[in-house]
Amino acid sequence: MGPLVDVVPSSDRMPRRAEVVVIGGGIVGVATALALVEKGIETVLLEKGSIAAEQSSRNWGWCRRTGRDLRELALIEASMRMWEGMDARLGRETGFRRHGILYASRDEQQRDRHLRWLEHAREHGFDSRMLSPAEVVERVPGLAEPLAGALETPADGRAEPQKAAPAMAMAAIERGLNLQQHCAVRTIERQAGRVGQVVTEHGAIDCQAVVVAGGAWSRLLLQGVGERLPQLKVLSSVLRTRPLELPIEPCVSLGGVAFRKRLDGGWTIASSATNLVELTPDNLRFARLFLPAYRVEHRSLSLRVGARSFDEAFHWRPGRADAVSIYERLRVLDPAPHAPALAAMIERLRSAVPGFAGLEVAQSWGGLIDTMPDAIPVISPVERLPGAFVATGFSGHGFGIAPAAGRLVADLVTQDEPIVDPRPFRLSRFEDGERIRAQHWL
Ligand SMILES: Cc1cc2nc3c(=O)[nH]c(=O)nc-3n(C[C@H](O)[C@H](O)[C@H](O)COP(=O)(O)OP(=O)(O)OC[C@H]3O[C@@H](n4cnc5c(N)ncnc54)[C@H](O)[C@@H]3O)c2cc1C
């Protein structure tokens, strides 16, 4: 079971028409809906399960500029400014705090990568810097393993994934959003060559535009309208502890294990060393595009054939308007965490930071990360289907960037001046000859 998420009530009445329908009540869909209603656009948000039940409540909660892909720097910078004013904007607590993020440099090679990224960070005016081994121990008292230093961005921060998207959704409802949960979208219908209707399990909604913000389901949703989105899923495992007082304020990655303080006094701890890929037909379909990323990441990836391999091969099909769909049959993607990965990271943390020796696990969970071959999202119109937009593939770092990503989607829908240049995020990059490569700085 996933973590407990703040509950958001659905709206009373399911509308039969709207200017814009947003599919997916994760933080990206919610941030998009919030930006749209703030622009005065009549918007409906449809979620097959409940707000933030998938990736958006299961993540680490880091809001990070540190080590970001250079193509995302402008967007994350805009997002960090928005996080700063978020609680005041929403009138609610998202848990956002600026206590910095710190990535240990475990050897000279990693330190060199950090130093190269720093050159770019400085051009953007970020406050990132290299810490000496002694400075790392100041930030992480009791650290008991030798490091070559660390890359730190003091103005980075963290927020609470179980609170943030619900708080944004509540504020959007107050501004006129119609939210329908337990309402799976089966398919998107065309009329006169453009988006005409979104068909759900509870009937159809006529609309002028639709935003697909379906996280790990976006590939299937787009396949339903004849689009090819090269997206895969990677299982990542997380736990939270019972309250444990330790004087460590920044989010810290030691390589292998990452941790941060929670608002409830516990810690969110995750494995950054072991991510699991269950082989599915999509892995074969997109193998060529993902090969460069796999070559770089293979040490942290375990491939296996599991239950999802068969489930996806036999049951994951695009929905049809007149039949119960996979989206209704699988309301919430709730994969079991990888127990060996959890055990290994607890052991590593206890030996690296003895203050954690007495940690008590309160809960653990798995989350499926929607990953693109170049590890940056798609935030884009769907050119072959006028009126359709997509915001997905945040590749394990969409929580921090979501506020600005949602605003960018809303700008594209309303054809306003975009908050940042959207070209790096266009869907067509996978077929227009761009060299598809991820940047690895951390
Ligand atoms: C373990 C883990 C750790 C992470 N750590 C971080 C981090 O520290 N910092 C960071 O920035 N990011 C992190 N991420 C990534 C971040 O969580 C995601 O990028 C972000 O939550 C994506 O949000 P989303 O709204 O696109 O997708 P999701 O949260 O997955 O939401 C998609 C929603 O669409 C709904 N949906 C799908 N299909 C349909 C349909 N047919 N009808 C109706 N609804 C539908 C789903 O039910 C789901 O609720 C992490 C992710 C994981 C899994």
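Annotations for the structure displayed:
- Among residues of the range 164-185 being over 14 Å from Pro15 (Cβ atoms) and surrounded by fewer than 19 Cβ atoms within 10 Å (Cβ to Cβ), the one that is nearest to the ligand (Cβ to nearest atom) is His182.
- Any hit, the range 368-385, residues being open to solvent by 30 Å² or more (accessible area, probe 1.4 Å), more than 14 Å from the ligand (Cβ to nearest atom) and in a loop (DSSP other than H, G, I, E, B): yes
- Out of Val211, Val199, sole residue that is within 13 Å of the ligand (Cβ to nearest atom), part of a strand (DSSP E or B) and under 18 Å from Pro381 (Cβ atoms): Val211
- Residues that are within 27 Å of Glu152 (Cβ to Cβ) and part of a loop (DSSP other than H, G, I, E, B) within the range 420-442 comprise Val420, Arg437, Ala438, Gln439, His440, Trp441, Leu442, listed in sequence order.
- Only listed residue being of a type in the set (A, V, I, L, M, F, W, C), open to solvent by less than 70 Å² (accessible area, probe 1.4 Å) and touching a His at 6+ places or on another chain (Cβ under 7 Å), chosen from Leu46, Leu115, Leu73, Leu102: Leu73
- Only helices (runs of 4 or more DSSP H) whose full extent lies in the range 1-97 are considered here, and the ones with at least 3 residues that are of a type in the set (A, V, I, L, M) and within 11 Å of the ligand (Cβ to nearest atom) are 27-38.
- Taken over the range 309-365, the residue count meeting the criterion of being open to solvent by less than 40 Å² (accessible area, probe 1.4 Å), of a type in the set (Gly, Ala, Ser), assigned to a helix (DSSP H, G or I) and within 20 Å of Val252 (Cβ to Cβ) is 3.
- For the range 118-134, taking the residues that are in contact (Cβ under 8 Å) with a residue 12 or more places away in the chain, open to solvent by 50 Å² or more (accessible area, probe 1.4 Å) and closer than 23 Å to Phe259 by Cα, the one that is nearest to the chain's Cα centre (by Cα) is identified as Asp127.
- Number of residues in the range 181-195 that are in a strand (DSSP E or B) and either acidic (Asp, Glu) or without any contact (Cβ under 8 Å) to a residue 12 or more places away in the chain (or both) equals 2.
- One residue alone among Gly61, Gly40, Gly67, Gly85 is open to solvent by 20 Å² or more (accessible area, probe 1.4 Å) and at positive phi, and that residue is Gly40.
- Unmet requirement for Arg288, which otherwise passes all of (1) touching a Leu at 6+ places or on another chain (Cβ under 8 Å); (2) open to solvent by 40 Å² or more (accessible area, probe 1.4 Å): (1)
- Boolean, Gly226 is at pLDDT 95 or above, open to solvent by 10 Å² or more (accessible area, probe 1.4 Å) and not acidic (Asp, Glu): yes
The values are calculated or read from the model by the stated rules, or taken from the named source; none is laboratory data. Note that the structure is predicted; figures quoted are calculated from it, not measured. Virtual Cβ from ideal backbone geometry, glycine too; neighbours counted across all protein chains shown. Side chains included, ligands, DNA and RNA excluded: accessible areas come from the protein's heavy atoms. Shrake-Rupley method; radii C 1.70, N 1.55, O 1.52, S 1.80 Å.
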